[in-house]
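Engineer: The structure under discussion is supplied below as structure tokens; questions concerning it will follow.
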Amino acid sequence: MFYGGYAYHGNTFEQTYRCYPASFFDKPHLEGGDKVIMPPSALDCLASLHIEYPMLFELHNDATQRISHSGVLEFVAEEGMIIMPYWMMQNMLLQEGDTVRVKNATLPKGTYVKLQPHTTDFLDISNPKAILEKTLRNFSCLTTGDSIMVAYNNKQYYIDIVETKPASAVSIIETDCEVDFAPPLDYKEPEKPQQPTVPASKATAEGGDTVVEDEPKFKPFTGSGKRLDGKASKLQASEVPSSASSVPSDSNKRSNQQASAPATSGASNSTRQKTGKLFFGSSASNNKEPQKAPAKEEEPPKKDEPKFQAFSGKSYSLKR
């Protein structure tokens, strides 16, 4: 069947046009959707055919074997020409004046669409879901493999159609469609900090050391001491372990002196008590044997400061 030089086969419309971008005809509103502008003769031919509405078309670039789908907005283009959005021409690898074959198509309603933004900037929008829903209202169909353009705030965002169900091309007019997002193309997962590899033997040894260091142990007699006579103590808590082996402490000296004092005084108690003199602090019983003095006495180190000596005071008698 031939009509005005155009060929029609039953209910099929198929024609070849030369494509031009919307900017050539001062129609920038076409860039926000997927609709094209065809010549008036195409409307006459389509009206005589029994086709389904809304009108959807399959676009072919025979030179590169690229296929896409679109709707129609108007039939006001010049004869032999078709006006297309520039992003659609980029998807089909078309230049100004290239030929494109247009064929009517019937597409199922979409139930699932998976989208993938080119950049992470699209996710930085305050409400990307609302912007996407508003943009898709100007679209009539989606094709797997295409990249649609979303304009927002004087910036263009490109989004790939990764997957569509139930077919590779679906209609999104008056349908409830589930939308899923894939990570953007320039998205990079944060790198995990790499821990240095340590051999098992060293790891266990270091692990054991850390446990010992972490657990504080009780150390007795580590505090600071003060003398009763008011003099400053030279032995500090931190110096006790190092000096204990070489220099005897004051407490040891006092015990040695106290041990030696009863030995010497015990021997003279008997003589002193025989002369009829009474001494305070003398032993009550004379029958007890005096304690033996130690065989060897350590000589105290010579120091400039006088040290406290037991039983070194003056004695007084009660004899008249």
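Engineer: Could you sort Phe308, Phe221 by their accessible area in this structure, using a 1.4 Å probe and putting the largest first?
Structural biologist: Ranked from most to least accessible, the order is Phe221, Phe308.
Engineer: Oh, and also: Over what distance in Å are the Cα centres of region 61-120 and region 12-58 separated?
Structural biologist: Cα centroid of region 61-120 versus Cα centroid of region 12-58: 10 Å apart.
Engineer: Percent antiparallel among DSSP beta bridges with both residues in region 21-107, to the nearest 5?
Structural biologist: Rounded to the nearest five, the antiparallel share is 75 percent.
Engineer: Would you mind calculating the gained length between Phe24 and Phe221 on full extension (0.36 nm times residue separation, minus the Cα-Cα distance), in nm to one decimal?
Structural biologist: Fully extending the segment from Phe24 to Phe221 adds 61.2 nm.
Engineer: Of the DSSP beta bridges with both residues in region 1-148, give the percent that are antiparallel, rounding to the nearest 5.
Structural biologist: 75 percent
Engineer: For Ala22, what is the net charge nearby, where nearby means another residue's Cβ is under 11 Å from its Cβ and Lys, Arg count +1, Asp, Glu -1?
Structural biologist: With Lys, Arg at +1 and Asp, Glu at -1, the neighbours total 0.
Engineer: Would you mind calculating the gained length between Thr175 and Glu191 on full extension (0.36 nm times residue separation, minus the Cα-Cα distance), in nm to one decimal?
Structural biologist: Roughly 1.7 nm would be gained on extension.
Engineer: Pairs of Cα atoms under 8 Å, at least six residues apart: use those to get the relative contact order of region 55-204, whole percent.
Structural biologist: About 28 percent, as a whole number.
Engineer: Could you sort out which of Lys103/Lys155; Lys35/Lys109; Lys27/Lys103; Lys103/Lys129; Lys114/Lys188 sit more than 28 Å apart by Cα distance in this structure?
Structural biologist: Going by Cα-Cα distance, Lys103/Lys155; Lys103/Lys129 fall outside the 28 Å limit.
The values are calculated or read from the model by the stated rules, or taken from the named source; none is laboratory data. Keep in mind that this is a model prediction, so the values were computed, not measured. Don't worry about glycine lacking a Cβ; one is built from the backbone with ideal geometry, like all the others, and counts go over all protein chains shown. Remember, those area values only see protein heavy atoms, side chains included, never the ligands or the DNA or RNA. Shrake-Rupley method; radii C 1.70, N 1.55, O 1.52, S 1.80 Å.
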